[in-house]
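Following: one structure in structure tokens, then a few remarks.
The values are calculated or read from the model by the stated rules, or taken from the named source; none is laboratory data. Computed from a predicted structure; not experimentally measured. Heads up, the Cβs are rebuilt from the backbone with ideal geometry, glycines too, and the neighbour counts pull from every protein chain shown.
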Amino acid sequence: MSTESLKNNHLKRVRIIADYQFGRGAGESLFPDNCDFKLSTTKRVRYVMLDKERIATMRAHDGRLTLSQTGAKRLFDCLKAPDYRVCIKDEVKDFIMQGKNAMAKHVVSADLQIRAGDEVLVCDESGSLIATGSALLSAEEMIAFNYGVAVQIRKGS
């Protein structure tokens, strides 16, 4: 297989995973045609790069994507609110931006399709993107609970 053919196969694969994970159309918006790929020692896609900057990482244990801040911004721009968004109180915004976890008692709203383990976009009350991370609770639990971590923050802005 040629290098170009392999690149096209990798691009098709990560786009399909993004469409599954975030909804139809997310793959093309998140990963443009000029993406590059860094492979693991087993020759599987590990990192998706754009202009030498990491957009996403493919998790080895389940094949799902985690987003860098750049990837989160690209996804934020292509998804319409409230898709995969968790809004938190403005009073804790600075802590979240520093990479601290988002607690359930600070969640104002969350997209009801969010399940534990999903990659989510964390926003302030005005809807601006402030971080990305992994949901530890479902959306219903985030809203109902007054204790515990709702989102494990990977990267704040």
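For the structure I just gave you, tell me whether ARG24 is under 20 Å from LEU79 (Cα atoms) and outside the structural domain of ASP118 (by TED's automatic domain parsing).
On the way: under 20 Å from LEU79 (Cα atoms): yes; outside the structural domain of ASP118 (by TED's automatic domain parsing): yes.
In short, yes.
Consider the stretch 24-83. How many of its residues are within 22 Å of GLN113 (Cβ to Cβ) and either in a loop (DSSP other than H, G, I, E, B) or not small (Gly, Ala, Ser) (or both)? It would help to see each step written out before you state the result.
Just the residues of the stretch 24-83 that are within 22 Å of GLN113 (Cβ to Cβ), to begin with: 24-31, 56, 58-59, 62-67, 71-83.
Right, trim to either in a loop (DSSP other than H, G, I, E, B) or not small (Gly, Ala, Ser) (or both) and you get 24-25, 28, 30-31, 58-59, 62-67, 73-83.
Counting residues in the stretch 24-83 that are within 22 Å of GLN113 (Cβ to Cβ) and either in a loop (DSSP other than H, G, I, E, B) or not small (Gly, Ala, Ser) (or both) gives 24.
Within the stretch 84-98, does at least one residue satisfy the condition of being crowded, with 17+ Cβ neighbours inside 10 Å and either among the acidic types (Asp, Glu) or over 26 Å from LEU136 (Cβ atoms) (or both)?
Within the stretch 84-98, not a single residue is crowded, with 17+ Cβ neighbours inside 10 Å and either among the acidic types (Asp, Glu) or over 26 Å from LEU136 (Cβ atoms) (or both).
So, in the stretch 1-23, of the ones that are of a type in the set (A, V, I, L, M) and surrounded by 13 or more Cβ atoms within 10 Å (Cβ to Cβ), which residue ends up nearest to LEU112 (Cα to Cα)? Give the steps one after another, and end with the answer.
Our first condition is that a residue be of a type in the set (A, V, I, L, M); within the stretch 1-23, this holds for 1, 6, 11, 14, 16-18.
The next check asks that each one be surrounded by 13 or more Cβ atoms within 10 Å (Cβ to Cβ); those that pass are 6, 11, 14, 17-18.
Values: LEU6: 37, LEU11: 29, VAL14: 25, ILE17: 20, ALA18: 19 Å.
The selected residue is ALA18.
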